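Quick notes on the structure that follows.
Readers should treat all values here as calculations from the given coordinates under stated rules, not as data from a laboratory. This structure is a prediction, so every number in the text was calculated from the model and none was measured. For neighbour counting, all protein chains shown are included, and Cβ atoms are generated from backbone atoms with ideal geometry for every residue, glycine included.
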Amino acid sequence: MAGLLLGGCATYAPSALDTHGPDSADIARLFWFMLGIASAVCLIVIGLLLFGVFRPRRGPAEERPRAADSRLGMWMIAIGGIAVPAAVLVGLMFFTVFTLRSVSALNDKNGITVDVIAHDWWWEARYPGANVVTANYIHIPAGQPVHFRLTSQDVIHSFWVPQLAGKTDVIPGQVNTTTLRADEPGEYRGQCAEYCGDQHAHMAFYIVADPPDRFTAWLAEQSRPAAAPTTPLAQRGQQVFLGNACINCHAIKGTPADARAAPDLTHLMSRPTIGAGILQTNRANLASWVTGARAVKPGVQMPSFDELSSDDLAALLAYLETLK
Ligand code: CUA
């Protein structure tokens, strides 16, 4: 019953059984195999139990077991209680080890590397050699292995893209690695899978697998600095940004803002959501976030700028909207 009901959640939280990469396919195969074996064992045991309960009773004269019966009993115990379970468990162990081997076999030396830094509660992604820093939307070329070097800025998180691979812990002071490959282009939702504080549930990210030429174009676009604002309102908004505490945490390439504590905003509008998936990126939501991030996502480090004048806020929003 629970399985059927939870099946309805697949749109929001993608199923690990809806596989789009070689690692997740291996893991799903192991899951189905184990489920099959476990179901067969369960059915056989229940069948034997029902047989024992409902078989015809012997008459009182036959109560004492005969020697032949007791030999049969010993054989049943030896085969059904020892040999078969041992064979099943050893078989499952070999299949598990085989799966682990094939999951790590993807770690070949081809393919690009992406550095991912987990923060409470969002994901920073850096593309070494490309001068690209982004947040929560991690583009990769489809059909190629991509090596991730994972570390954390604060507590332990876990990097999990159910449709592509298993989980990898993300630990402060340590670099863990994992390799993903998306078989075809698409957007694959990822989720922090290790409890990390109040907003653990709102620590989503997206692996966006592009066709390789589209990925190259994306990387080139993202490496560009932000275009200078052209309208007087947006120009004033840039001054608001640079004159407030925004500059202490955020970076915008092409301006003096280059702090790393919060998401890089150079191409903010190219990301469909803000706050690690909590709000769609649009003017109204940006206003809610700037003036009341802590109401939207309690516990978040972004202060609520609720004392900005409405003119300053309008100018700031106009500027943020130029960060395409
Ligand atoms: Cu990060 Cu849970």
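Remarks
- Antiparallel DSSP beta bridges within the chain, as percent of all bridges there, nearest 5: 70 percent
- Fully extending the segment from M34 to T230 would add 64.5 nm, taking 0.36 nm per residue of separation and subtracting the current Cα-Cα distance.
- Inter-part distance where region 151-184 and region 204-227 are each reduced to a Cα centre, Å: 20 Å
- Shape category assigned to region 249-324 from the gyration tensor of Cα positions, a/c cut at 1.5: rounded
- Within-11-Å neighbourhood charge of H157 [Cβ basis; K, R +1; D, E -1]: -3
- Label-point separation, A217 to R71 (7 Å along Cα→Cβ), nm: 8.0 nm
- Peptides 298-308, 68-78, 243-253 ranked from most to least packed, by the mean per-residue count of other Cβ atoms within 10 Å: 243-253, 298-308, 68-78.
- The slack in the chain from D154 to S15, taken as 0.36 nm per residue of separation less the alpha-carbon distance, amounts to 47.2 nm.
- As computed over region 149-203, the Cα convex hull volume per residue (Å³): 77 Å³
- Normalised Debye scattering of the chain at q = 0.09, 0.14, 0.15 Å⁻¹ gives log10 I(q)/I(0) of -0.60, -1.12, -1.23, counting only Cα atoms as equal scatterers and leaving out solvent.
- Charged side chains reduced to their Cβ positions (Lys and Arg at +1, Asp and Glu at -1) give the chain a dipole of some 1060 debye around its Cα centre.
- Partners for K297 among lysines (Cα-Cα distance below 30 Å; same-chain residues under 8 apart left out): K167, K253, K324
- Shape category assigned to region 196-324 from the gyration tensor of Cα positions, a/c cut at 1.5: oblate
- D_trans [Stokes-Einstein, Kirkwood Rh over alpha-carbon pairs] for region 146-265, 4 °C, 1.567 mPa s, µm² s⁻¹: 76 µm²/s
- Antiparallel bridge percentage (DSSP; both residues within region 41-199; nearest 5): 75 percent
- One quarter of the convex hull surface built on the alpha carbon atoms of region 86-150 amounts to 6.6 nm², the projected area averaged over directions.
- Under the Debye formula (equal points on every Cα, no solvent term), log10 I(q)/I(0) of region 69-219 at q = 0.19 Å⁻¹: -1.13
- Charge tally for Q174 (other residues, Cβ to Cβ under 14 Å; Lys, Arg +1; Asp, Glu -1): -3.
- For the peptides 87-97, 310-320, 165-175, the ranking by packing is 310-320, 165-175, 87-97, with the highest mean count of neighbouring Cβ atoms within 10 Å listed first.
- Computed [θ] at 222 nm, helices only, for the chain once each DSSP H run of length n ≥ 4 contributes -39500 (n - 2.57): -12000 deg cm²/dmol
- Ordering of 228-236, 115-123 by packing is 115-123, 228-236, highest average first (other Cβ atoms within 10 Å, averaged per residue).
- Spacing of the modelled spin labels on T113 and N282, each 7 Å from Cα toward Cβ, amounts to 4.1 nm.
- If the segment from L89 to L5 were pulled out straight at 0.36 nm per residue, it would be longer than the present Cα-Cα gap by 27.2 nm.
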